[in-house]
Amino acid sequence: MGRTGPTSPTGPDGPPAAEPAVPGAADAATLRALVTRARAVLFDFDGPICRLFAGHRAERVAGELVEWVESRGLHGLVTPDERQSLDPHRVLRAVDARHRHSDLVTELEQRLTEEEMRAAASAWPTAFADPLIRTWAARGARLTVATNNSPLVVRSYLTARGLLGCFEPHVYGRTDDLQRLKPHPHCLTRALNATGTAPGDALMIGDSPADLAAARTARVPFLGYARSERKAKLLREAGAEHLVASLEPLLHAVRDR
């Protein structure tokens, strides 16, 4: 049995509550068309599958990574803007850009993986993600994960939820070549090649402009998951055409396929 908690906010006995609608959300017909075309589905991890840093805050992780770099005598290596982004991946990218392929970057990436692993233990599953994954896999779609997170962390979370079998062996995450993190399409092209899927026969589900940019470069149709108006605004400004605020209508589209 996979673990059942922690879970996203919900009533005591009911399913996870759906997120509020966002302007411009894809209608049922659009979702059915996207689902019908998708022989392979490429999920981003943190967002569409779970809120990885729900209980182990990303802001604290980013701050501790910066403090560790500075403890090595490298003050000023991370700019104030990069520090204030409160994004651990941005900190990692910044250090890699200035000390590429160094032992410093290798150890920093390992530290981030350890923090992501701790975060996975208290991550919140995204509402309706678990049944969506199980249903889509049962319908015969090839499910993959294409993420900037460590693949070790993804497998740990999916195993605990009893979902790894829906994806294996197709989990494509951060490698030691940090220049190939999204928005680079590397993890998407790995997923397409491994599943033998043409880009037009796939669907990428992501929650960030970087996900959208990677999908565009790989020529993969994109569905944006925006659990807040702020996320929706960022995706719309980046050019996303199709958005959902909840995975529930997507689940209905898969069930009705």
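The values are calculated or read from the model by the stated rules, or taken from the named source; none is laboratory data. Predicted, not measured: the structure shown is a model, and the values here were computed from it. Here Cβ is always computed from backbone atoms with ideal geometry, including for glycine, and neighbour counts include all displayed protein chains. Remember, those area values only see protein heavy atoms, side chains included, never the ligands or the DNA or RNA. Shrake-Rupley method; radii C 1.70, N 1.55, O 1.52, S 1.80 Å.
Would you confirm whether any residue within segment 168-185 is on the phi > 0 side of the Ramachandran plot and modelled with pLDDT of 95 or more?
Taking every residue of segment 168-185 in turn, none turns out to be on the phi > 0 side of the Ramachandran plot and modelled with pLDDT of 95 or more.
If you check every pair at least six apart or on different chains, which have Cβ atoms under 8 Å apart with a residue in segment 175-199 that is more than 16 Å from T217 (Cβ to Cβ) and touching a residue at least 60 places away in the same chain (Cβ under 8 Å) first and a residue that is open to solvent by 50 Å² or more (accessible area, probe 1.4 Å) and among the β-branched types (V, I, T) second?
Listed by first residue and then by second, the contacts come to D176/T106.
Got a sec? Which of A129, A146 is more than 20 Å from L192 (Cα to Cα) and of a type in the set (G, A, S)? Step through it out loud before you land on a result.
Numbers: A146 fails: more than 20 Å from L192 (Cα to Cα).
Criteria check complete, one pass: A129.
Name the single residue that is farthest from A253 (Cα to Cα) among those in segment 103-130 being in contact with a strand residue (DSSP E or B) (Cβ under 8 Å, 6 or more places away or on another chain) and open to solvent by 20 Å² or more (accessible area, probe 1.4 Å).
Only one residue tops the list, namely W124.
Can you give me the ranges of the helices (runs of 4 or more DSSP H) entirely in segment 162-257 with at least 2 residues that are closer than 16 Å to V145 by Cα?
Passing ranges, in order: 186-195, 209-218.
Here's a check for you: in segment 131-146, which residue that is without any contact (Cβ under 8 Å) to a residue 60 or more places away in the chain and not basic (K, R) is surrounded by the most Cβ atoms within 10 Å (Cβ to Cβ)?
To start, the set of residues in segment 131-146 that are without any contact (Cβ under 8 Å) to a residue 60 or more places away in the chain comprises 134, 137-138, 140.
Retained after the next criterion (residues that are not basic (K, R)): 137-138, 140.
Numbers: A137: 17, A138: 11, G140: 8.
This residue is A137.
Find all pairs meeting these conditions: Cβ atoms under 7 angstrom apart; at least six residues apart or on different chains; first residue within segment 61-74 and farther than 10 Å from L104 by Cβ; second residue outside any helix (DSSP H, G or I) and open to solvent by 70 Å² or more (accessible area, probe 1.4 Å).
Hits for this filter: A62/L86.
Name the residues in segment 22-41 that are modelled with pLDDT under 95, out of contact with any Asp or Glu (no Cβ under 9 Å at 6 or more places or on another chain) and either open to solvent by 60 Å² or more (accessible area, probe 1.4 Å) or part of a helix (DSSP H, G or I) (or both), would you?
Result: D27, single match.
Out of the residues in segment 184-196 that are crowded, with 16+ Cβ neighbours inside 10 Å and either among the small types (G, A, S) or touching a helix residue (DSSP H, G or I) at 6+ places or on another chain (Cβ under 8 Å) (or both), state the one that is nearest to R90 (Cα to Cα). Before the answer, list the steps.
Applying the first criterion (crowded, with 16+ Cβ neighbours inside 10 Å) to segment 184-196 yields 184-192, 195.
Narrowing further to those that are either among the small types (G, A, S) or touching a helix residue (DSSP H, G or I) at 6+ places or on another chain (Cβ under 8 Å) (or both): 184-189, 191-192.
Working: H184: 14, P185: 17, H186: 18, C187: 18, L188: 20, T189: 22, A191: 24, L192: 26 Å.
Filtering first and then ranking leaves H184.
Across segment 147-177, which residue is farthest from H101 (Cα to Cα) among those that are buried (at least 19 other Cβ atoms within 10 Å of the Cβ) and touching a His at 6+ places or on another chain (Cβ under 9 Å)?
The selected residue is Y172.
What do you reckon, is A202 hydrophobic (A, V, I, L, M, F, W, C) and in contact (Cβ under 8 Å) with a residue 40 or more places away in the chain?
So A202 passes the test.
Return a yes/no flag: does segment 89-96 have any residue that is buried (at least 17 other Cβ atoms within 10 Å of the Cβ), touching a helix residue (DSSP H, G or I) at 6+ places or on another chain (Cβ under 6 Å) and assigned to a loop (DSSP other than H, G, I, E, B).
Checking segment 89-96: not a single residue is buried (at least 17 other Cβ atoms within 10 Å of the Cβ), touching a helix residue (DSSP H, G or I) at 6+ places or on another chain (Cβ under 6 Å) and assigned to a loop (DSSP other than H, G, I, E, B).
Kindly check whether there is at least one residue in segment 249-257 that is in contact with a helix residue (DSSP H, G or I) (Cβ under 6 Å, 6 or more places away or on another chain) and closer than 18 Å to R51 by Cα.
no
Of everything in segment 147-157, what is touching a residue at least 40 places away in the same chain (Cβ under 8 Å) and over 21 Å from V35 (Cα atoms)? Give them in sequence order.
Of the residues in segment 147-157, the ones touching a residue at least 40 places away in the same chain (Cβ under 8 Å) are 147-149, 153-154, 157.
N148, N149, V153, V154, Y157, listed by residue number.
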